[in-house]
Structures are given as structure tokens and as C-alpha cells.
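Comments concern the structure below.
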Amino acid sequence: MWIYLLRHGVAEASRPGLADEDRALTRDGLGGLHAASRAWGRLVTAPSAVFCSPYARARQTADVFSQAAAPSAALRVDASYTPSADPARAIAQLEEEMLSQTESVAVIGHEPHLGYLLGSLLSAQPRQSVPLNTGMLVGVQTEGATSLVAGLRFALSQEAAASLT
């Protein structure tokens, strides 16, 4: 199974009166994602499901990703993908997809959650982190039909993806 991990784009800074979950993408953040998305559409095996944090910036990023690479995918907004969520919950959902013989899924979220999720997929160690930069897309592929241990296939910064177009 292909698993794509995408960290949200550049978001507005924290400030008093603005809840973290309400922070939206900046104009530049949205523009950078759109520029990168042209390459994503060519690189990604269209996911059948896109798992996404309920935070505004992740939802906006999921919209851009879905338009480019997963137009028919079901968007599944889930608190299991928030910054402080236990990656074990996401792993359990990904295992369900793998056992259902899903070919490809995407996860759109935040650090530190995505870093721990990527570390778990690559090393089978739950507390190993491999952090993702803002707007970075990583593709991993499981090495069997019954294990989520995966091999890294690519890691593409937002800027590098935009330059491929």
C-alpha cells in the first residue's frame, strides 16, 4: 500500500484570541501548495482515502491535495491526526486500510504527529520521529500485505515539487 504524508502549508502565526485549530493558511502558504500540487498530481497514485486533521490549515491543504491528486477520494476528517494525537491511533486506521487491500491513502496533518507517524512506518519504533517541513510530501510503500513497515520512496519539499512543473 502507498501511504502519502503531507504536512500542511504555511499558516498564520499564533496570536491571542486565535485558537490553534482555527489558524488558516496564509496567502503565500496557499500559493505554495498550489504550485507544488501540479507535481503531486503526476507523482501520486490516486488515494482512495484522504485522512485529515480537523484543523483549518490541514483542511485547506487537503482541499488543494485532493483537487490535484485525489479527486475521487473520500475525505475523512479525524482528530487522530491533530498535532498532539497518539500516532498509534493513526497506525490502527492505516492497518485497517491495508487489510482491506486499499492501494493508496494520504494523511494530511501536522508536526510532531506526522514525524512520529513516519518514524513508526519506517522503523516500526513508536517513538522514532522523522520530521516533515511545512508543505512537504513524503511517499512510503509498505513492504508486504500484512505489515505497515514501509520503505521511503520519496520526500519532496514544497519548493522542489513546485520546481518540477
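Here are a few things to note about the model shown:
- Cβ-Cβ contacts under 6 Å between residues 6 or more apart (or on different chains), taken from a first residue in the stretch 108-137 that is crowded, with 18+ Cβ neighbours inside 10 Å to a second residue that is acidic (Asp, Glu) and assigned to a loop (DSSP other than H, G, I, E, B), are absent.
- Just so you know, in the stretch 138-165 the residues that are open to solvent by 30 Å² or more (accessible area, probe 1.4 Å) and among the hydroxyl-bearing types (Ser, Thr, Tyr) include one that is farthest from Leu25 (Cα to Cα), and it is Thr146.
- Single match in Glu95, Glu21 (criterion: in contact with a Phe, Trp or Tyr (Cβ under 9 Å, 6 or more places away or on another chain) and open to solvent by 30 Å² or more (accessible area, probe 1.4 Å)): Glu21
- In the set Ala70, Ala58, only one residue is modelled with pLDDT under 95, buried (at least 19 other Cβ atoms within 10 Å of the Cβ) and hydrophobic (A, V, I, L, M, F, W, C); that residue is Ala70.
- Residue match in the stretch 44-54 (condition: in contact (Cβ under 8 Å) with a residue 24 or more places away in the chain, farther than 28 Å from Ile91 by Cα and open to solvent by less than 50 Å² (accessible area, probe 1.4 Å)): no
- Taken together, the residues in the stretch 3-18 that are open to solvent by less than 10 Å² (accessible area, probe 1.4 Å) and either in contact with an Asp or Glu (Cβ under 7 Å, 6 or more places away or on another chain) or more than 23 Å from Thr102 (Cα to Cα) (or both) amount to 1.
- Residue within the stretch 19-38 that is closer than 13 Å to Gln67 by Cβ and modelled with pLDDT under 95 present: yes
- Scanning the stretch 24-34 for residues that are in a helix (DSSP H, G or I) and buried (at least 18 other Cβ atoms within 10 Å of the Cβ) turns up Gly29, Leu30, Gly32, Leu33.
The values are calculated or read from the model by the stated rules, or taken from the named source; none is laboratory data. Since the structure is predicted, the reported quantities are computational estimates derived from the model, not experimental observations. Ideal geometry is used to build each Cβ from the backbone, glycine not excepted, and the neighbour counts take in all protein chains shown. Protein only, heavy atoms only, side chains kept; ligands, DNA and RNA dropped before computing areas. Shrake-Rupley method; radii C 1.70, N 1.55, O 1.52, S 1.80 Å.
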